[in-house]
Amino acid sequence: MDKTSNPVGVFDSGIGGISTLRDIIRELPRVHLIYYGDIANAPYGTKSTEEVIACVRKVVDHRLEKQIKALVIACNTATGAAAATLRKELSIPVIGMEPALKPASEKREDGIILVMATPLTLQMEKFNLLMSKYGEGAVRVPCPGLMELVEADDGEGALNYLKALFVQYDLDKVDAVVLGCTHYVFLKDMIRDLLPDHIAITDGNAGTARQLKRVLAQNGLLNETGEGKLEFETSGTKKDLALMQKLISHF
Ligand code: DGL
């Protein structure tokens, strides 16, 4: 059966992965995307690995009912916790994401790299492996509570959080900051304004979108025709759904 016109499922614990959608649409303008924000179960980043796997399983069961041709985990935390398990269990391609430490390491002179991510992402084995490859000069910066401020669209709260965070570092000695959680990409402009110009800021969104395109092509799943379509679903409220729809029009 030709599956090329089937949708691609994209999910995150909340609205964070909407920042990834923008890059996916740029790479694949004809694709049909169904985005799911697991807002009722957010945040993932302060849960245990087992708890996140349980949340992800539920999300994925619903996605499979939609006959998706591939699954994008637009969440660093859920990727670290559940991608390996999902790849063993599912017959469709699973595309995950990890903190963009490799591109940050390429920008490093001899200073430090601040890796902002959820507590769970930074304590998982997958991240230890990444650190062993590209982590010279990298410092783990867990940001509990920051995704909640993004979800609540609390700009002032986020600004205060970030100021209190960056004041702890000698920014002259920082070469790069990694936005290792898709929620933080919504704060990129604010973070840019708070940091000196020499500091590079990296995130995994563009790389994830390119990887999705590559994997679809390798599996004969690229659709060359079609208009492109985007649907939103959530375990949260109607208000959450309206916020998700509003956010995408920001891009
Ligand atoms: N957006 C998610 C990530 O990329 C995590 C947010 C959370 O649920 O804690 O890690």
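For the pairs Lys58/Lys133; Lys66/Lys88; Lys58/Lys239; Lys69/Lys102, note any where the Cα-Cα span goes beyond 24 Å. Pairs exceeding 24 Å: Lys58/Lys133; Lys69/Lys102.
Net length available on complete extension from Glu136 to Thr85 is 15.5 nm, with 0.36 nm assigned per residue and the Cα-Cα distance removed.
Placing a pseudo-label 7 Å from each Cα along the Cα-to-Cβ vector at Glu27 and Leu222 gives an inter-label distance of 1.2 nm. Near the amide H of Glu233, within less than 5 Å, lie the amide hydrogens of Tyr35, Tyr36, Gly37, all on another chain or at least 5 residues away, with H placed in the peptide plane. Along the Cα-to-C-beta direction of Lys229, a point sits 7 Å from the Cα; which residues of the range 24-40 have their amide N less than 14 Å from that point? Correct set: 30-35.
When +1 charges are put on Lys and Arg Cβ atoms and -1 charges on Asp and Glu Cβ atoms, the dipole computed for the chain relative to its Cα centre reaches about 760 debye. Taking the 1.4 Å solvent-accessible surface of the chain as the whole, the part contributed by carbon and sulfur is 49%. Distances between every pair of Cα atoms in the range 157-241, grouped in 10 Å steps from 0 to the bin holding the largest one, split as 13, 31, 26, 21, 9, 0 percent. Rounded, prolate or oblate: which fits the range 34-153 when a ≥ b ≥ c are the square roots of the eigenvalues of the alpha-carbon gyration tensor, with rounded for a/c under 1.5 and prolate only if a/b beats b/c? In terms of gyration-tensor shape, prolate. About its Cα centre, the dipole of the range 153-251 is roughly 320 debye, where the only charges are +1 on Lys and Arg Cβ and -1 on Asp and Glu Cβ. The C-alpha atoms of the chain occupy a region whose extents along the principal axes are 57, 38, 35 Å, arranged from largest to smallest. Using r as the Cβ-Cβ distance of Ala164 and Asp193, and R0 as 22 Å, what FRET efficiency do you calculate, to the nearest 0.05? After rounding to 0.05, the efficiency reads 0.90. Inverting the pair-averaged 1/r between distinct Cα atoms of the range 44-115 gives 13.7 Å as its Kirkwood hydrodynamic radius.
Which residue, Pro142, Gly111, Ser235, has the largest displacement toward the positive end of the dipole of the chain when charges sit on each Cβ (Lys, Arg +1; Asp, Glu -1)? Checking the options against the dipole of the chain, the answer is Ser235. Each part gets one Cα centre, and for the range 85-118 versus the range 150-211 those centres are 15 Å apart.
The values are calculated or read from the model by the stated rules, or taken from the named source; none is laboratory data. Please read all numbers here as calculations on a predicted model, not as lab measurements. As a convention, Cβ positions derive from the backbone with ideal geometry for all residues, glycine included, and neighbour counts pool all protein chains shown. For accessibility, only protein heavy atoms count, side chains too; no ligands or nucleic acids. Shrake-Rupley method; radii C 1.70, N 1.55, O 1.52, S 1.80 Å.
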